[in-house]
Structures are given as structure tokens and as C-alpha cells.
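Beneath this line is the structure, given in C-alpha cells, with notes to follow.
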Amino acid sequence: MIPEGLRYHTEHEWIRQENQTAVLGITHFAQDALGDVVYLELPKVGVEVRSGQEIGEVESTKTTSPVYTPVSGKIMAVNEELKEKPELVNQDPYGRGWIVKIQMSDPSEAKHLMDARQYGAYLKEKAD
Amino acid sequence: MGPSPRIAVIGAGPGGYVAAIRAAQLGARVSLVEEQEVGGTCLNKGCIPSKALIFNAEVVELLKRAEEFGVRVISEPTYDVTRMLERKQRIVQTQVRGIHALLKSWGVALIKGRGRLIGPRAVEVADAGGTVQRVETDRVILATGSKPIKPPIFPFDGDRVITSEEALEPRVLPKSLLIVGAGVEGCEFGFLYQALGVSVTMVEMKNRPLATEDEEISSLVQREMNKRGIKLHLAVRVEKAAIESTQVVVTLSDGQTIAVDRILVSIGRRMNTEGLGLEEAGVVLGKRGEILVDDRMETRAPGVYAIGDAVGRIMLAHVASAEGKIAAANAVAGDRGHSMNYAIVPAGIFTLPEIGTVGLKEWEAVEQGLKIRIGRYPFRALGRAHTMDEIVGMVKVITEQESDRILGVHILGPHASDMIHEAAIAMRLGAKVSDIAEMIHAHPTLPEAMMEAAEDVHGSAIHLTRRKGPPPPAGRAGDGRQGP
């Protein structure tokens with residue numbers, strides 16, 4: 001359920017490192033808790049962000065929830081497809097439902113994030 | 001003065017005709033002078049026609065989503081602009097006839113023509129044919145209204161460069177429209193035209209749309225603009241606008257140029273106070289051309305009152321009407337004092353979805369150094385909103401920390417302009433937030449959101465998950481908590 005090879009943030013975002021680039025999305029757990037996603041407020045391409053910062057918001061039929069970035073850098077791309085199809089976040093949270101790509105200024109930040117096993121344990125702990 | 005004073009009212013908009021009827025109810029003999037049609041800007045070129053058109057947009061938007069409701073629409077809904085405009089005109093005509101009937105029933109004499117003061121005790125009326133008549137009177141109420149500001153940098157031609165008046169008569173819809181000014185009027189037109197299928201760009205000097213509204217309302221509106229694809233340029237000015245063959249080319253202060261089919265200039269309104277013999281009669285004008293009045297709505301010329309947009313206080317139809325009633329009471333009673341109170345003025349803004357607002361905005365409360373609490377409730381947490389599929393927006397309640405009194409309420413969402421009146425009456429009665437929170441609200445209804453927001457002021461909304469830590473700081477739209 002929780003893909004290997006990604007790094008996970010306590011606020012339920014995942015990143016996939018591709019060299020200096022981090023692809024960021026929200027986890028299956030997050031999309032399930034949010035319910036049907038109807039809109040995403042995305043940052044502008046080119047904006048500098050710091051780790052821990054709120055970079056956007058997800059609107060679902062239940063709630064509005066911030067999206068945080070666990071890494072610092074510059075927004076290189078946003079997933080334009082989500083403008084027409086926000087439901088991709090629900091349908092394919094680790095794939096076509098990615099949210100932004102960030103050019104990391106300090107790739108070592110990713111090391112402090114959880115791996116799949118740790119995130120699984122984190123979810124379990126939260127559930128108890 | 002005898003038992004039945006004569007009162008002349010100049011201007012039959014929502015200020016003037018209301019003042020005329022009230023004065024007649026109080027026993028005066030009333031003449032009402034109007035150059036154009038009764039109902040004024042509001043009825044003929046403003047509130048009513050624009051709301052008629054916005055309702056068209058709502059109908060089509062609903063039809064476009066019909067499938068979601070399990071309703072089959074056989075073909076894609078489209079607009080018939082001619083029929084839309086006819087419908088709008090019929091609505092206006094019905095209201096105009098209604099006002100005529102009211103005036104007649106109260107014995108108000110309607111005089112068609114342009115009125116001007118001849119000293120403080122006479123009004124001269126010139127009709128379109130050039131016939132002039134003189135109306136002797138004991139008191140005058142000036143209700144001459146306002147008109148759109150038309151700065152010279154814009155080449156107004158009534159076709160490609162227009163104001164709100166022409167924007168309500170779009171015989172042919174442009175493909176693209178640029179709106180200068182993201183105030184109330186500009187935003188309403190922005191949502192309307194975008195819903196009609198026009199590509200809309202808005203340009204605003206300030207750093208947010210609806211810049212005088214509560215900051216969270218602005219950010220919610222901005223998000224709805226993003227969702228709909230309304231392009232918004234903030235903190236820029238228009239430097240130049242030129243008609244070039246079939247397009248209007250607009251140059252912004254940040255160097256960008258934008259070419260569109262039509263531009264709508266919506267940057268405010270100017271008082272109609274020129275050429276009315278005001279100064280000669282002893283009426284004093286302020287710097288903006290507004291008629292200076294006291295709280296009793298009397299000008300510096302004793303016996304001459306003024307109301308509505310012409311006094312330039314709060315340019316809203318319902319404020320003009322309220323001022324009209326005060327002016328009428330004072331004008332008929334002579335020196336007995338009825339004063340205008342502007343503390344509680346509910347207002348609606350007819351964006352999609354709409355806005356209802358009353359009292360202090362958060363930024364105003366902060367500016368006044370008040371210690372406040374804020375409660376919020378999102379419509380997406382409300383069952384009734386889901387049944388209507390109208391889940392965008394929220395109710396925001398601002399209270400004074402010490403007294404728990406309600407300072408302001410701001411709503412963006414379905415029927416917000418209707419819902420706001422619960423808050424307005426509560427404030428008028430000096431209610432504490434617990435009065436709304438503890439009042440039983442019918443289920444399932446939209447005003448339950450008001451109750452929940454009131455409860456949320458103290459973190460005790462039933463249908464919101466528990467707050468993490470202290471109440472959320474001011475200035476955030478939604479705080480990530482969930483409804484049921």
C-alpha cells in the first residue's frame with residue numbers, strides 16, 4: 001500500500017527524488033482522509049519555497065487542507081492536469097496525481113524524511 | 001408652516017422614491033422630480049438588472065452540472081442573450097410599474113424632468129421638450145445619485161470601451177473582456193461574463209480583489225476566480241488603453257499589454273451634484289463633490305436635505321433608502337431629530353457564489369486595536385450545502401474577546417446575502433455570540449452554518465473536528481479541520 005522508494009513527511013506528503021528534483025504529492029492515507037478532491041490551489045512555477053512551508057491547498061468535498069513541502073527549493077512544474085482532473089489525486093495519488101516538482105536546493109533535507117516502513121509505523125501509531 | 005408641509009424630492013431612485021413615500025405617509029404634500037425612470041440606477045442600470053442576469057448564469061451552471069445530480073440534459077445548454085435581456089427588461093418594467101402604483105396610492109406627484117434648486121424653497125423642472133415649471137416648496141430632499149467615473153485615459157465609445165451601464169446590455173457578447181477594477185461591481189461582472197462564456201481578465205490596483213472586504217473573503221473570491229479561469233492582475237494600473245481596429249489594447253503599469261474585444265471600466269462612481277443650483281442655494285459640497293450633510297441628513301442650507309449616493313457615504317441602494325426615511329421624517333417634522341446610524345449595514349455581493357457581510361471586517365477590527373476571536377464554519381461541512389451541491393465558502397464570525405459581542409459576520413457561499421440578516425439583527429440587538437450559538441437552528445438549513453461558526457468562536461462547534469492547540473490565528477481561510 002505504501003510504495004517503497006519514496007520519502008514521507010509527517011503531514012502526509014510524499015516525495016520522489018530524481019537527482020536534484022523532488023516530485024511531490026499527497027499520500028493514499030491523505031487522499032482517503034480528504035475524500036473526493038475537487039480543486040487544488042497550486043503555487044506558481046518559479047517560486048522559491050522552504051521546507052515546512054505551505055505551498056498550496058487541496059479542496060475536497062469534506063474539507064480544505066494545506067499542502068506542505070518537506071524540502072526547500074524552487075517550484076519547477078505544477079501538475080496542469082489536476083486543473084481539469086483533480087480526482088487524479090484520489091485515483092492515483094503516487095502517479096498521475098503528483099502535485100509539484102521542486103528543484104531542491106538542499107537534497108540532504110530528504111534524508112530526514114520517513115521511508116515506507118517508518119511511515120507505515122507512523123500511520124499505525126496515529127491510528128492507535 | 002401649516003400642518004401639511006410641501007416637500008420636493010429631486011431624484012426617484014431607491015433613496016428619493018422611498019423618501020417621497022415616507023414623507024407622504026407622514027402627511028406631507030410631495031412632489032417627486034425625475035429626469036429618467038423611477039427606480040434610479042439601482043432598478044434600471046444596477047442591482048436588479050445585474051441580478052437578473054446573474055440568475056441566468058446560475059441556471060445554466062446548474063444545467064451544466066445536471067449529470068452530477070442524475071439529471072439527463074439532452075443537449076448542451078446555451079444562452080439566448082436576446083431572451084435573457086428581454087427577461088431582465090420585463091423584471092425592471094414590473095418593478096417600475098410597481099413604484100408608479102405606490103407613488104400614486106400615496107398621492108405623490110411625479111414630475112418628469114430635470115430638477116434644480118432655485119434657492120432653498122423652490123425647484124425648477126425642465127422637461128425634455130424644454131418646458132420649464134417652478135415648484136414652490138417648504139423643504140427639499142436631494143437624491144440625485146451618482147454615475148460611473150470615466151477617466152480620460154479610456155476612450156469610451158459605448159461599444160468596446162464601456163461602463164457598467166452598457167455592460168448590462170450586451171447585445172453581442174465579446175469573446176474577451178478586460179475589467180478595470182476588482183471592486184464589488186467589477187467582480188460581479190467578472191463572474192457574470194465568465195459564466196456567459198466570455199474570457200475575462202481583471203486588473204486591480206490593490207493587492208487583492210474586493211480590497212475593502214474581509215481579507216479571507218477576498219482570498220476565497222480569488223480562489224473561485226482561479227477555479228473558473230478568470231485571470232486576475234493585482235497591484236497594477238492601466239497606463240494606456242487604445243482602440244486598435246477590432247480590439248482594445250491595454251498597457252499595464254508592469255509593462256504587459258493585453259488585447260481584448262471589450263473593456264469595462266469599473267473604478268467607482270461620481271456624485272451627481274453639478275448644475276443643480278446647489279451652491280447658490282447654500283448647499284455645501286465636499287472635496288469629492290459629495291453633498292455635506294449632518295446625521296439628520298440636512299445640508300448646510302436649512303430645510304434642504306440630501307441622501308443616497310449624492311452624499312457619498314455608503315453607496316448602497318438600501319443605505320439610500322434608510323437615509324431617505326430619516327430625511328423624510330426630519331423634513332416633515334421640522335426640527336425633531338431622527339439620526340442616521342451606519343453601524344449595522346448588511347450588504348450582498350453577487351459573485352458566484354455570493355457574499356453577505358455586516359459589521360467589522362477582521363482588518364478593521366485589528367486596525368481599531370480590538371481584541372477579537374474568530375469562529376469559522378465551512379459550507380463543505382454542512383449537510384444542506386451538500387444537498388444543493390454548493391459547498392464552497394464559509395461563515396466567519398468576529399467577536400470582541402472581552403464582551404463576546406458580535407463585531408462582524410462575513411459569509412461567502414450559497415444564499416449568503418440572505419443569511420447575513422440573522423447576523424445583522426443579532427448585532428442590532430447587541431447579541432452575544434452565545435445567543436446565536438444557543439439558538440435552535442432548523443435542520444437541515446444553511447443558517448446552521450451560522451450557528452456552528454458562532455460555536456466555533458469558543459472552539460465548540462459540534463460538526464468540526466477538535467482544534468489542535470489554541471484557536472487558529474487570524475487571516476487564514478479554513479484551518480484544515482474537517483466536517484462530518
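What follows draws every value from the coordinates through simple rules; no lab data is involved. Small disclaimer: the values here were computed from a predicted structure and weren't measured. A quick note on method: Cβ atoms are made from the backbone with ideal geometry, for glycine too, and the neighbour counts reach across all protein chains shown.
The table below lists the values:
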read-out: Sequence-separation-based contact order of the stretch B:347-456, relative, with Cα cut under 8 Å and 6+ spacing, percent; value: 31
read-out: Efficiency of FRET between A:A33 and B:S460 - r from beta-carbon atoms, R0 22 angstrom, step 0.05; value: 0.45
read-out: Calculated P(r) of the stretch B:197-311 - Cα pairs past 17 Å, %; value: 68
read-out: Chymotrypsin sites (Phe, Trp or Tyr not before Pro) within the stretch A:15-118, DSSP loop, no more than 12 other Cβ atoms inside 10 Å; value: none
read-out: Nearest-20 debye value, the stretch B:314-421 charge dipole, Cβ charges on Lys, Arg, Asp, Glu; value: 160
read-out: FRET efficiency, 1/(1 + (r/R0)^6) with R0 25 Å, evaluated for B:D159 and B:T251 via beta carbons; value: 0.75
read-out: Principal axis dimensions, the stretch A:7-105 - Cα atoms, whole angstrom, descending; value: 35, 26, 21
read-out: 0 to 90° range, to nearest 10: angle between helix B:184-195 axis and chain B longest Cα axis; value: 60
read-out: Rg/Rh ratio calculated on Cα atoms of chain B (Kirkwood radius); value: 0.99
read-out: Size of charge dipole - the stretch B:188-306 - debye, nearest 20, with Cβ of Lys, Arg +1 and Asp, Glu -1, no other charges; value: 400
read-out: Helical mean residue ellipticity (222 nm; -39500 (n - 2.57) per DSSP H run of 4+; nearest 500) of chain B; value: -9000 deg cm²/dmol
read-out: Computed E for B:R270/B:K371 - FRET, C-beta separation, R0 35 angstrom, nearest 0.05; value: 0.35
read-out: Average beta-carbon neighbours from other chains, 10 Å sphere, peptide A:35-42; value: 2
read-out: Average Cα contact separation per residue, chain B, under 8 Å, 6 or more apart, as relative contact order %; value: 14
read-out: The stretch A:7-105, relative contact order in percent, only Cα pairs under 8 angstrom and at least six apart counted; value: 32
read-out: Whole-angstrom gap from the stretch B:49-122 to the stretch B:158-202, using each part's C-alpha centre; value: 17
read-out: Long pairs among B:K64/B:K227; A:K44/B:K231; B:K45/B:K88; B:K150/B:K240; B:K51/B:K231; A:K44/A:K101, criterion Cα-Cα beyond 18 Å; value: B:K51/B:K231
read-out: Dipole of the protein assembly as shown [Lys/Arg +1, Asp/Glu -1 at C-beta], most positive-end residue of B:G375, B:A167, B:L252; value: B:A167
read-out: Cubic angstrom per residue, convex hull over Cα atoms of the stretch B:1-148; value: 138
read-out: Spatially proximal lysines relative to B:K432 (Cα-Cα < 30 Å; intrachain offsets below 8 disregarded); value: A:K62, B:K325, B:K361, B:K371, B:K396, B:K468
read-out: Kirkwood-type radius of the stretch B:347-456, with distances r between different C-alpha atoms, in Å; value: 13.6
read-out: Sequence ranges B:339-346, B:459-466, ranked by mean other-Cβ count within 10 angstrom, highest first; value: B:459-466, B:339-346
read-out: Peptides ranked, highest mean first, by Cβ atoms within 10 Å: ranges B:174-180, B:112-118, B:28-34, B:255-261; value: B:28-34, B:174-180, B:112-118, B:255-261
read-out: Projected area, mean over directions - the protein assembly as shown, Cα convex hull, nm²; value: 32.3
read-out: Average partner coverage of B:316-323, which counts Cβ from other chains inside 10 Å; value: 0
read-out: Share antiparallel - DSSP beta bridges, chain B, percent rounded to 5; value: 60
read-out: Folded to 0 to 90 degrees: helix B:16-25 orientation relative to chain B principal axis, Cα; value: 70
read-out: Tilt relative to chain B, helix B:317-333 - C-alpha long axis, 0 to 90 degrees, to 10; value: 40
read-out: Peptide A:63-72, shielding by other chains (average Cβ, 10 Å cutoff); value: 3
read-out: Distance between the stretch B:320-342 and the stretch B:229-286 - C-alpha centres, whole angstrom; value: 34
